[in-house]
1. Which members of the stretch 152-164 meet the condition of being at pLDDT 90 or above and surrounded by fewer than 18 Cβ atoms within 10 Å (Cβ to Cβ)?
2. Among the candidates 325, 341, 315, single out the residue that is closer than 17 Å to residue 253 by Cβ, hydrophobic (A, V, I, L, M, F, W, C) and modelled with pLDDT of 80 or more.
3. Determine which single condition residue 78 fails, assuming it passes every other condition in (1) in the same structural domain as residue 315 (by TED's automatic domain parsing); (2) modelled with pLDDT under 85.
4. For residues that are surrounded by 15 or more Cβ atoms within 10 Å (Cβ to Cβ) and more than 30 Å from the chain's Cα centre (by Cα), scanning just the stretch 29-70, find the one that is modelled with the lowest pLDDT.
5. Can you name every residue in the stretch 128-156 that is of a type in the set (Gly, Ala, Ser), more than 21 Å from residue 184 (Cβ to Cβ) and in contact with a Gly (Cβ under 8 Å, 6 or more places away or on another chain)?
6. Can you tell me which residue among 306, 301, 353 is in the same structural domain as residue 127 (by TED's automatic domain parsing), at pLDDT 90 or above and either crowded, with 20+ Cβ neighbours inside 10 Å or not β-branched (Val, Ile, Thr) (or both)?
Amino acid sequence: MSDPTPNSLREVLRAVADPASGKDIVSAGLVETVQAKDGLVHVSLLTDRAHAEAMEPVCREVEALLARQAGVKNATVVLTAHKAPAPAPHHRAAAQKPALLPDVRAIVAVASGKGGVGKSTAAVNLAVALAQQGLRVGLLDADIYGPSLPRMLGLSRKPEVRGETMIPLPAWGLKAMSIGFLVEEETPMIWRGPMVMGALEQMMGQVAWGALDIMIVDMPPGTGDAQLTMAQRVSLSGAVIVSTPQDIALLDARRGVRMFERTRVPVLGLIENMSFFCCPACGHRAEIFGHGGARREAERLGTEFLGEVPLLLDIRTASDAGTPIVAADPDSHAAQAFAAIARRLWTKVEAQLGDKATAAPRIVVS
């Protein structure tokens, strides 16, 4: 069975009527984009803010129609209002959608300014450590181009789909979702920004996460579409920046901090990964990448230094084997380091939850 194409799905959408003109939404010019890849479909419908409320049932009808098509695993539909005039206050609310993941008490992004600093390893081990501390934990792999959670968690099967909802895979006491669960491990994700944003929205809004105390989001490196999508579509409790000690990595970490500041996401602290190396044979300590750079950078930026994690062979071999070090060897120095950072992270997040419980739900313009 061949995968559905944008053109074939566009023809399917002719079955949906535009409530304003009576024409089908394709003929009425309301279908801005249709994107399809590996069973994930993203559709943008044009409207103005005055008609956004009337278009909400159309969005639901389009999603339901697409979900019934052969080869479609998940479909998401968003309203766009390009070149729209400034709306009156009572019309503005109609174009707004509630933030995703409303049953998740806290969402924390684990990010880095560059690749290769062990960000995914930190995200996975922090999530497992939080689960070991008795919390209900979700782990979302937001790195669409380079998903690594399936390998690190030892998962290779696809998630179950019930109706229009995917069931996250359980592993090491948490719930996990990654685009890597839906495609073959060596399949390159050659997607443009809107497809990345659509896939992220699907993994948040069309996955049965249930009630969680905290969700850890493994962000892709850099400051691109995924970071903006997360900042705009969910109420992030904060971000954790992972860096190695050397200056070039810290320079990129600075960019990550500034990006979250500009999107009004609090930076909860910095982690120094590969902080030092201890020879397993003789115990000699070598600071291969320098040491203490992240601590000094945290002080300079006015944020907290959450802790340091050593460069150890066991961390790498455990990750490659699909058994995070905090689960494989919880008494090891590395596992204890991750556990201590996780405890401090939860303490900081928990202090915010009282305010969050009494605040009005955050809404964003789609």
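The values are calculated or read from the model by the stated rules, or taken from the named source; none is laboratory data. Treat the numbers as computed from the prediction; the structure is a model and nothing was measured. A quick note on method: Cβ atoms are made from the backbone with ideal geometry, for glycine too, and the neighbour counts reach across all protein chains shown.
1. Of everything in the stretch 152-164, those that are at pLDDT 90 or above and surrounded by fewer than 18 Cβ atoms within 10 Å (Cβ to Cβ) turn out to be 154, 160.
2. Working: 325 fails: closer than 17 Å to residue 253 by Cβ; 315 fails: closer than 17 Å to residue 253 by Cβ.
Every option except 341 fails the conditions.
3. That leaves (1) as the condition not met.
4. Checking each candidate, the answer is 50.
5. To start, the set of residues in the stretch 128-156 that are of a type in the set (Gly, Ala, Ser) comprises 129, 131, 134, 138, 142, 146, 148, 154, 156.
Subsequent filtering for residues that are more than 21 Å from residue 184 (Cβ to Cβ) retains 129, 131, 134, 138.
If the condition is that a residue be of a type in the set (Gly, Ala, Ser), more than 21 Å from residue 184 (Cβ to Cβ) and in contact with a Gly (Cβ under 8 Å, 6 or more places away or on another chain), then 131 is the only one that fits.
6. Among 306, 301, 353, only 306 is in the same structural domain as residue 127 (by TED's automatic domain parsing), at pLDDT 90 or above and either crowded, with 20+ Cβ neighbours inside 10 Å or not β-branched (Val, Ile, Thr) (or both).
Yes/no matrix, rows are residues, columns are (1) assigned to a helix (DSSP H, G or I); (2) in the same structural domain as residue 218 (by TED's automatic domain parsing); (3) under 13 Å from the mean Cα position of the chain (by Cα); (4) closer than 20 Å to residue 210 by Cβ:
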position	(1), (2), (3), (4)
117	no, yes, no, no
122	yes, yes, no, no
127	yes, yes, no, yes
131	yes, yes, no, yes
135	no, yes, no, yes
138	no, yes, yes, yes
147	no, yes, yes, no
151	yes, yes, no, no
156	no, yes, no, no
